[in-house]
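Working notes, structure below.
Quick note: the coordinates plus some simple rules give every number you see, no bench work behind them. All of these numbers come straight from a predicted model, not from anything done at the bench. Counting neighbours? That spans all protein chains shown, and the Cβs are built from the backbone with ideal geometry, glycine included.
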């Protein structure tokens, strides 16, 4: 092969992942955009719905409201099991109830990390961030998606989001809980949206759901009613400090 031919192949025809995807006609293209949703459970809970009337949330519906120009394929919810304590009795049971509600949804997967105890009665979540980043990049590599919705304001996701966009040509929408922000995610994401009250209000589960084995699961009574907006970030920090003090007491 002549040198100029090799140069033409190497430099004029770079490999692009999007070249391997089907290209539907323009009039139906929007309906064929495959979207997966990746939810940082604790960032979403504490930033968007904690203490509000919107905790009983349908994650597939929320994803569709935030990304209306595509079809939600899979939803991946990343969390860790909490333990009840004196300052929040019943928290583990409420979390278990919500996870069972999530599992009634099609193609919705719960990925569980762990909590580690730290000195001073503090705890830290381990595994969820790595699991979310890994799942996002695996789905990109397997060509399962055209667009990703990442629900979190955690700047730790900046690198995997940038890789998804730059290496795999995937559009990535970062959805921030209202009042939260991440400059790093704004810089690397294709689009940024804020999760607003109307999004949450339009994505509520029915009060009672039926599981695959025919059992029913209902919204925890303490989740019914409450304010429409989550606490401010300052208030969230104050509550977290008080909760840690109660754990140590």
- Item | Taking 129, 139 and counting other C-beta atoms within 10 Å, the order from fewest to most | 129, 139
- Indicate the gyration tensor shape class of the stretch 164-228 (rounded, prolate or oblate), computed on the Cα atoms with a ≥ b ≥ c the square roots of the eigenvalues: a/c under 1.5 is rounded; otherwise a/b larger than b/c is prolate and the rest oblate. oblate
- Task: Based on other C-beta atoms within 10 Å, arrange 54, 38 from fewest to most.
- Result: 54, 38
- Query: Among 138, 59, which comes first, then next, by fewest other beta-carbon atoms within 10 Å?
  - Reply: 138, 59
